[in-house]
Structures are given as C-alpha cells and as structure tokens.
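The values are calculated or read from the model by the stated rules, or taken from the named source; none is laboratory data. As the structure is a prediction and not an experimental result, all values here were calculated from the model. Here the Cβ positions follow ideal geometry from the backbone for every residue, glycine too, while neighbour counts run over all protein chains shown.
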Amino acid sequence: MSYLEYHAKSTPTGLRKILHLNWGLTLLLITVASVGFLMLYSVAGGSFSPWVEPQVKRFALGLAAMFVVAMIPIWFWRNISVVAYLGSLALLVAVELFGTVGMGAQRWIDIGFMRLQPSEVTKIALVMLLAAYYDWLPPEKTSRPLWVLLPVALILLPTALVLKQPDLGTSILLMAAGGGVMFLAGVHWAYFVAVIAAGVGLVSTVFQSRGTDWQLLKDYQFRRIDTFLDPSQDPLGAGYHITQSKIALGSGGWSGRGFMQGTQSRLNFLPEKHTDFIFTTLAEEFGFIGGVTLLVIYMLIILFCIASAIAAKDRFSSLVIMGIAITFFLFFAVNMSMVMGLAPVVGVPLPMVSYGGSAMLVLLGAFGIVQSAHIHRPRQSPR
Amino acid sequence: MKRNPKDLDAAHGKMTRRALFLGGLQLAFAGGLAARMRYLQVDQADEFRLLAEENRINIRLLPPARGQIFDRNGLIVAQNSPSYRITVVPEDAGDVEAVIAKLSSLVPLDPEDLERARTEMRRSPPFLPITLADQIGWEDISKVAVNAPALPGVTPEVGLTRVYPQLDDFAHVVGYVGPVSDYDLSKMEDPEPVLMIPRFQIGKVGFEARREDVLRGKAGAKRVEVNATGRVMRELDRREGISGADMQLTIDAELQNYVQARLGRESAAAVVIDCEDGDIRAICSSPSFDPNLFVRGISVADYRMLTEDKYRPLSNKTVQGTYPPGSTFKMITALAALENGVIGPEETVWCPGYLKVAGRRFHCWKRAGHGHVDLNTSLKRSCDVYYYDVAIKTGIDKISEMANMFGLGIKHELPMSAVAQGITPTKEWKASSYGKDWLIGDTANSSIGQGYMLASPLQLAVMTARIATGRSVTPRLLKSLDGVEQPSGAGEPLAVSGNSLRMVRRGMHSVSNDRRGTAYRSRIIGDGIQMAGKTGTSQVRNITAAERAAGVIRNEDLPWERRDHALFVCFAPYDKPKYAVAVVVEHGGGGSKAAAPVARDVLLQALYNGTPPLEAYPNADRSRIKAQQERLERERVKRPLGSRSSRA
C-alpha cells in the first residue's frame, strides 16, 4: 500500500488538475442547486430572503470546499479515513452530550458560524472508512465471517448513536450505504440474503405481536405505521403531511401551475415546504415534466459516478465513489418516496435542493472526494 | 498487506458487475418513482386539483346591514354604527395571558368579557379569533393598532352594531337586538347560515324581533383564498349582501320623549293614537330601560337591577299589561244599553249608594249615592249603580259584543312583543274557562270594568278613538316599509247609531268640562281644543263587608302594590277628534288625580306639537304647570338625544 501503486507521476499536478475535474458532474451539481434556488425563491413568495440568499452563500462555500477537496490527492483521503470516522463518532457523542434539541431530536452542534449536524459527516466518513477497509483487505478474505463482522460493527456503531438522537431516517441511510459498499466490495450475496430475510422476519414478527401480550412496539408506533399505510384515516392529524403533499403534487398535473403559481405550497398547506417537502413545490409548479426532469438529473449524477467508479482502477476510489453515489441516491429516493406517499415521513432532505446547510456542505465535500478520485485516477495499470 | 494483482483484477471485475447491478436497481427505482409521479400528477390530477381548490378557497359570509328604523319625521330610532372590537388568535399570541395583561394596560378590559373569552378559548381551536373586547371606542382601537407589534395575535376589527340613540324612549316599542344564542338557533328549524357568524345580531324583543324577516336583509358572500391556518391571503371575488329594509314608525319621537318624561318614575303606560288614521303617535311604558345595554350584552348586576325592580321596567305595559278598565269601561256599557233600547239617554236610574243584586249589595263608589242619574250624569260623576242597573237589563253577552266592536278583547296586530288580547267575559267564556255558570253579580262587576274584565292601555286608546270617531280605527305602528306606505288604520264606520255615540261623547265632555265632572280639574281651556274623557279607578283587591263597615281604607294608607290602578282615557278636540289618549298608572290611586293630569298634558303636547301655551290650562294651575314644564324640559335636555342632530 504505497503511493507508487497510484503511479503518481501519471496524475496531473498543480493547476492542471482543474482541467481534469469531472466538469460534467460539476455542471449537474450546479444545475440541481439552481433548481433549489428557484424553488426556495418561489416558496418564499418571490423573495430572496429568507432562504435563497443563505442557500446561495452556502452553495458557493460548498463548491469552493469541493474544489479544495478535489485538489488534494485521493490517497490522502484514504489515509485520513480512519481519523475521519473516529472524529465523526466523537462528534456524535458530543452531540449527545452538548447538542441542541431541534424538532424533538438532538441533532445539532452550534459551532459559531453554522450549526453542524454530525450525522451528515458520519455518512461520508463511514463510506470512506469502509472503502479504505476493503482497499486494505485482501480480496480473497472479503467474505470470511470474521472479516464481514468487523465492517458490520463499524456500521452499527454510528448507526446506534444516530438512532439514539433519534433520527431514524439517517440511521437507515447509514446502514443502507454501508451495506451497499460491502456489497460492491464483493461480500458474498448469501450474507445479504440472510440479512434481508432476517429483516423481513423481524418486521412480520413485530406485526404479529400487535394486540398480543408480547407486543413489541408501543400502540402509538403502530398507529404511525397505520397512518403511513393509509393516510386518509387521519387527514388532519398524523396523515396531514402525506395527504397535503399528495394533493399539492397531484394538483400540479402534467405541466404544473407555472412558476410561483403553486397555491398549496405557498399557502402553507405544506409542512416543511422549504426543506423536506420542497419537491412538492417543484412538482406543483412544474408538474410531471418538472419532477421527471429533476429525477433525470439526479440519475445522471449517479451514472456519472458509476462510470467514474468503474474507470478508477483503484479499489478505494471505486468504492468511495460508489458509496457516495449510493448515499446520494438514497437521499433523493427516500425523500421522493416520502413526498409521494411511498415511504413514511422520516425527515430526509432532497439533496442539494432542500434548504439546509450541513447536508449540502457535506455532500459537496463528498463530491470533492469523487472529483479527487477522478483527477487522481491511475492513467495506467498499476502493475 | 501483500496482494495479488490478479486477485485485484478479479475484485475490480466483480465490483464493476455489482456496480452495474446496483446502478440497474437504482434506475429501476427511479423508474418506479417516475411512474408514481405519473400516476399522481397525470392519472389522478383532476381529483387532486379539486382537493387543492377545496383546501384553498373558503367562502365567507358578509353580514348584511340591518334595516334602520326612523320615527314619523325621519328621526333615527335604530341605526347601525361601526363598532370596533379586539380579537386575539391564541395560536399567534403564544402566551395569551401575557398578551392580555399587556393589552389591559393599554385599554380597559371588562373582567366579565375576559372570563367569557377564556371559556371560549378553552373550547375552540387555537387558530380561531376570540373576541376580547366589544364595542370599544376609536381611541382605544387606535392605541391597539399603534402597539400592534407588541401584541402578537391581537387584531382590531371593525363591524356594524345596532345603536339606539333614543335610549329608553323606544325600548319597549323597538325592542333590541343581541347576538344569536344557542337557544335562538334551537328554536329555528333551518337557521340561515348568516346566523352562524359569530356575534351576528338578531332582533330579540319588540319590533326588532317581530319584523326580523325584513330587517335582517340577505347575506352576501366573498370567496377568499386562505392558507392552512385559515388566515385570509386575498379576496377572489365578492357578492354584496342586500341590506335589510328601512322602516318608518308612526311614532313621533319628540312626543314619545315627552310622554316618557311625563310618566317619570311612575309604573305607568300611556298611548297616544291618531283618531283619523289609527297612527300610534306615542306608546310609552314606564319605567323603561336602555336597550343599548342588551346589545352589548348586559352585565349580571344591571340585569338583576332590571328584573328585581318592582315597577317591572322590562315589561311593556302598553300592550302586554292588562288591567281592569274600571269606569273607563262605562262608555261601552252605556252604548250597549242605548243600542239595545234598554234605556233612553234622558231616562234616569235612582242611586241610593248601592244596588241589591241577587241578595248582595253592590256599592257605588259614592256611599251617599248620586240620587236620580241620567246617562250624562252617570258618566260625568261616574255613578256605578246606574251601570249595574242598565247592564243587568242588557245582559253580559251584548256588552261584551259591544266591547269587542270597540277593540277590547281583540288582539290588535302590532309588530310588538306579547300583544295581549285582554278579556271581555261572556257566559260561554266563563263556562269554558272556569266551568262555572255566569252569575248576575258578574254582570254588575263587568259593567264598571271590574271582575273578569281586562284591557291593555293600547286597547283603551283604540276604544277611545273609536268612540271619538265612530269608525273602527285600527292601530298602526309601521308607517312605511322600505319607502312603501302601509295601509291606513282609519277603518270603516261602526254599526252603532250616531246618536248613541253623540250622547256618550257628550257625557265624556262633561267629565272634564262640567264643574261636577270627575276630571274637571284636568280640563283644557280654549275653544276648539276641549277635551272629553273618562276617569277610571280599578280595584286590585276585594273590599270586604267588614272593611266597608269600618270605613274603606284610603289608598294612601295601603302598601303600593295594593292601591288602585288609576286610569284615564280621553280625546280632543271634542268637536273634531284628532288624538285619543289612554293612561294607566299602576297603583296610582284615583284616576282623576293620578292619570287624568298626565293624559291631559300628553294630549296638549300632541295637539300643539310641542309645549302648549299656559293659556290652555285652568288659571289656578298655570304657575304649577309652568314649573312642571320647566322641570320636564330640563330633564329632557339632560337626555343625551344624539338624535336631535342626526335627522335623516
């Protein structure tokens, strides 16, 4: 495991690196962020305050961070991944001890100029650590039980801490992204089948337990599940978000009501209209065409990443790019499913579009690593 | 760790395959999302668009402006004026109590109102506005508006409220409005939606209640766009409501005001009716109350004061109160006797002070008796025995029939609350009401307006007008509705011979113009304005034989509620009747002393359309009358007649 493996000499140096940036990806990210600005402008009733202005500033900051991260050789990021992982764990513990309670959950640490959400950092740090782990682990050992248990423990540790905040959405994201990296690294598919089967078994057991004396969930938790399955049961209570979101979305129709013409989102029928539910505004104002366009842009970003991962002959780069792509995918897939009434409301923002600082900064940082891997990819076979 | 390049290649190959597999999964998922989006946005678009409209558009009713009420000269009696109220939306206020505390340091808040608001707050959802103070002044409202930033959730609102500028003068005629209550709603089969507007005012009593149908008007509506909390964002369109119809009463507010003042603090009623067309020129019940108190929602203390007053200010004695008409009924008995040929006008009856009927003595008010009494003397001196005698000869049914013809025992259709029918007893009536046979003594009692006989002051005024004109004058309270003149109450000639009427009128003239008449002291001086009248003193207790033997206790020595009612009916001018007046002073004592002077003053006030000259009064009384006129003028000026300047 030496720098020589990367044939450092063949990688671009200095300012020439800028030419080797993945400009397509950069452009797509800017496009997505611009969609976000547009929607925040509309949601604010045609005003740059209170959301567009800070969002643009954060995006500029994030973009700068992405370039800086991209300039730093990928091997630096591989070597730092253990530190990043431990650091994020420390932050999670810190948020548990000193964090600010927001929306009924302890998620933030105030660090002066911004409020940091450690669980965002954790997502990327976990992906980095797992990629580095499989880069280090000889491929033939990948599927051995002991070497499978170690990464599982690495995943479960931060997951447990996040779950305690409580932030169900992020902990599911962490597990899914971690599992994704393990799958890509070549862990035998039987492990995944076993885990999925166990999960299905557990869920059905939980439902079986309902109404019996060994009930595993509290009544209100069951009711929340009911509401998710049939929001019309409680249209003004817990099902309100889902129902209103579907109304806004559905009333958009084929081509939408037009920019700034969305009645549902602008009249506050939509909860969290500028954060988790911003997609409904887009879908209401730009209709099916607008919604699918955003989906296509997101998928293009994923495809860029997959192509980049396959092109990178180095294991850490491939895995870290794919891990970040999976995380990104999970973000928008879960958010859109939630908004469309396909998933419970778990509080996952629409990446790069929803108003919010740390998620965007961390994602742009992560794309910096993707860019770095792209720039510093081996130009020749490392043999 | 050392690794085999071959293994690495294999691993990379595997990763590529799995990456492509995952990519495929992701694409499939994205496809699923797109399909779902298509389902919601294309297939179900219409349904959701409808739901969105329902969400967004709210129909708000616009309360109509209530019809205004004027007196016959266009003076305003009931109007709508802008009223300011302070509301708070608990949700927006945050700490409601803190906001209320801050607010009460700016404007005075009624603790009773606050208590009501707190109860309302507990019951209603936090986004609905709660009224904290109603009917507050412009200055207070501007204080609230200026301090708006410090008072989250507090909004000054403007609406229309009913105002009665004539204060207590019209309380019993026009009544009052008040906010719709649950009780009101429970009485209606299919309440109009406009009634659901919080604090919408409807007529509760009197004219306001009886003509609610035309006064209310039709509600308009506006469509507004609201946000999720119900806050109005903008108005989409509006359809104005139709204001209620304006009403003009036959009442002369100036006269009404005078009469009310003249009745003073007595428990009394007075009705002035125009003999020519039946217009009620004044109809006053005393004591009265300020109807504005009820519009605002009367305080418990004020309400108790009104209900516990033994003079019953809330009851409308003019149409609701019925009294034994006493001697004022004698004209009817006389007419019945004359018309049925029982007695001629010149024939006399011997009055020894009593008449023995069925073994029982029926006494004349004058124990010594009146001697030979003809019709004229019987009215002039109010001899009871004359009437006992002729009534028994005529029979009760014919007397009652005559009474009905003159408007007694008949319910006059007036748009006022609880108009009483009174009682004119017949044999049949007694049998069906009491299950007892009619006794001859009952006829004797009825002949002088005692016993079962009951009439309201309004009925007595109508009776007098009919005697004065010989026409079936019908009382009219509503002069015009929405500018349309209502049918006159002049009426058709009555089926009574002119001669009999003339004889009775002459008797009434003697009452107040003959030196020996019972109301001579209340005569009117002057040609062409002479008054004809009849006194009445109706007992509210039985005088036992023992008491009569010991000497009847004088009214002044009795407790108020056992004293006789004092009545007086009159019309003037005698030759060309214009106005008829009936006055009842509850427990006032003798009709000649307590009621006649009031009726005379009222009649003069009406005839002169203002303060009469002193020359109209007997010489001896002029200085006393002058003092009284000055006192009344002072009292009337003290009343804040905002009306005097707001002539429509």
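Couple of notes before you dig in:
- Test: B:ALA468 is crowded, with 24+ Cβ neighbours inside 10 Å and under 25 Å from B:LEU414 (Cα atoms): yes
- Residue match in the range B:75-89 (condition: modelled with pLDDT under 80, more than 7 Å from chain A (Cβ to nearest Cβ), over 30 Å from A:GLU285 (Cα atoms) and under 60 Å from the mean Cα position of the chain (by Cα)): yes
- Test for B:GLY409: is it surrounded by fewer than 24 Cβ atoms within 10 Å (Cβ to Cβ) and over 30 Å from B:LYS576 (Cβ atoms): no
- Residue identified as touching an Asp or Glu at 6+ places or on another chain (Cβ under 7 Å) and away from chain B (no Cβ under 14 Å) among A:SER372, A:SER358: A:SER358
- Whichever residue in the range B:138-149 is modelled with pLDDT of 80 or more and among the small types (Gly, Ala, Ser) and, among such residues, is nearest to the chain's Cα centre (by Cα): B:SER142
- Residues satisfying the stated conditions in the range B:530-560, i.e. at pLDDT 80 or above, aliphatic (A, V, I, L, M) and either in a loop (DSSP other than H, G, I, E, B) or not assigned by TED's automatic domain parsing to the domain that holds B:THR464 (or both): B:MET531, B:VAL540, B:LEU558
- Flag if B:GLY341 is in contact (Cβ under 8 Å) with a residue 60 or more places away in the chain and either not assigned by TED's automatic domain parsing to the domain that holds B:SER447 or not in a helix (DSSP H, G or I) (or both): no
- Per the conditions (1) farther than 18 Å from A:VAL346 by Cα; (2) at pLDDT below 75; (3) in a helix (DSSP H, G or I), the sole criterion not satisfied by A:GLN221 is (1).
- Screening B:ILE298 on (1) among the hydrophobic types (A, V, I, L, M, F, W, C); (2) part of a loop (DSSP other than H, G, I, E, B); (3) more than 30 Å from B:LEU132 (Cβ to Cβ) shows it passes everything except condition (3).
- Counting only helices (runs of 4 or more DSSP H) that sit wholly inside the range B:416-509, those with at least 1 residues that are in contact (Cβ under 8 Å) with a residue 40 or more places away in the chain and more than 29 Å from B:VAL540 (Cβ to Cβ) are B:457-469.
- Residue, surrounded by the most Cβ atoms within 10 Å (Cβ to Cβ), within the range A:270-309, restricted to residues that are within 9 Å of chain B (Cβ to nearest Cβ) and not in a helix (DSSP H, G or I): A:LEU270
- Counting only residues that are assigned to a helix (DSSP H, G or I) and at the interface with chain B (Cβ under 9 Å from one of its Cβ atoms), the range A:118-140 holds 4 of them.
- Test: A:MET352 is away from chain B (no Cβ under 14 Å), within 20 Å of A:VAL68 (Cβ to Cβ), in contact with a Phe, Trp or Tyr (Cβ under 7 Å, 6 or more places away or on another chain) and surrounded by 20 or more Cβ atoms within 10 Å (Cβ to Cβ): no
- Selection status of B:ALA268, in contact (Cβ under 8 Å) with a residue 12 or more places away in the chain and either assigned by TED's automatic domain parsing to the domain that holds B:GLY206 or touching a Cys at 6+ places or on another chain (Cβ under 9 Å) (or both): yes
- Failed item, numbered, when B:MET233 is tested on (1) free of Cβ contacts under 8 Å to residues at least 40 places away in the same chain; (2) away from chain A (no Cβ under 14 Å): (2)
- Selection within the range A:147-189 - more than 14 Å from chain B (Cβ to nearest Cβ), part of a helix (DSSP H, G or I) and over 18 Å from the mean Cα position of the chain (by Cα): A:VAL148, A:LEU149, A:LEU150, A:PRO151, A:VAL152, A:ALA153, A:LEU154, A:LEU157
- Inclusion of A:ALA366 among residues that are small (Gly, Ala, Ser), without any contact (Cβ under 8 Å) to a residue 40 or more places away in the chain and over 30 Å from A:SER47 (Cβ atoms) is not warranted.
- Residue within the range B:110-125 that is modelled with pLDDT of 80 or more, farther than 23 Å from B:PHE294 by Cβ and among the acidic types (Asp, Glu) present: no
- The single condition among (1) within 10 Å of chain B (Cβ to nearest Cβ); (2) touching a Phe, Trp or Tyr at 6+ places or on another chain (Cβ under 6 Å); (3) not in a helix (DSSP H, G or I) that A:PHE332 does not meet is (3).
- Condition broken by A:GLY323, with the remaining ones in (1) facing chain B (nearest Cβ under 10 Å); (2) surrounded by 24 or more Cβ atoms within 10 Å (Cβ to Cβ) satisfied: (1)
- Among residues of the range B:168-198, those that are outside any strand (DSSP E or B) and closer than 30 Å to B:SER286 by Cα, counted: 12
- For the range B:274-314, the set of residues classified as touching a Leu at 6+ places or on another chain (Cβ under 9 Å), at pLDDT 90 or above and acidic (Asp, Glu) consists of B:ASP279, B:ASP290, listed by residue number.
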